[in-house]
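The values are calculated or read from the model by the stated rules, or taken from the named source; none is laboratory data. Keep in mind the model is a prediction, meaning the values are calculated, not measured. Cβ coordinates were reconstructed from backbone atoms using ideal geometry, including for glycine residues, and neighbour counts include every protein chain displayed. To get the accessible areas, we keep the full protein, side chains included, count just its heavy atoms, and leave off ligands, DNA and RNA. Shrake-Rupley method; radii C 1.70, N 1.55, O 1.52, S 1.80 Å.
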Amino acid sequence: MAHYRASDSKREHFRRYLEKTGVVDSLTSVFVSLYEQQEKPANALEFVKQHLGAVGLASAETENLLQEVSDLRQRCAHLEEENKDLKERLHQYEAASEDGGAAN
């Protein structure tokens with residue numbers, strides 16, 4: 001009987017851990033979403049995997065990632081413009097160099 005109580009105690013501790021860390025809420029949310037699907041997906045496990053990843057992102061984390069994407073797009077556009085300008089300058093110097101080299 002002592003072994004039975006120890007096992008229940010471990011299970012209860014693990015259950016509280018899962019609740020505390022949000023695992024139970026996340027799984028429940030995904031299962032409810034699956035339940036509410038009009039047409040059930042052919043692969044329920046794949047559905048759970050895909051939706052569990054989406055549930056895991058906190059709103060603040062999503063906002064931060066969206067801001068980072070926006071910043072990186074702006075930086076990319078700036079670097080593309082700078083690259084274009086530098087290529088134009090290079091072509092000008094190459095043309096001037098060819099003109100100067102041909103005169104000698």
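Residue check: is S33 touching a His at 6+ places or on another chain (Cβ under 9 Å), of a type outside the set (A, V, I, L, M, F, W, C) and free of Cβ contacts under 8 Å to residues at least 40 places away in the same chain? When the stated conditions are applied, S33 passes them.
Per-residue answers, yes or no, for (1) open to solvent by less than 90 Å² (accessible area, probe 1.4 Å); (2) part of a helix (DSSP H, G or I); (3) modelled with pLDDT under 90:
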position: L52; (1), (2), (3): yes, yes, yes
position: L65; (1), (2), (3): yes, yes, yes
position: S70; (1), (2), (3): yes, yes, no
position: R73; (1), (2), (3): no, yes, no
position: C76; (1), (2), (3): yes, yes, no
position: K84; (1), (2), (3): no, yes, no
position: A102; (1), (2), (3): yes, yes, yes
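When E36 is tested against (1) acidic (D, E); (2) surrounded by 10 or more Cβ atoms within 10 Å (Cβ to Cβ); (3) closer than 30 Å to E12 by Cα, just one condition goes unmet, and that condition is (2). For the stretch 54-63, taking the residues that are modelled with pLDDT under 80 and part of a helix (DSSP H, G or I), the one that is surrounded by the most Cβ atoms within 10 Å (Cβ to Cβ) is identified as V55.
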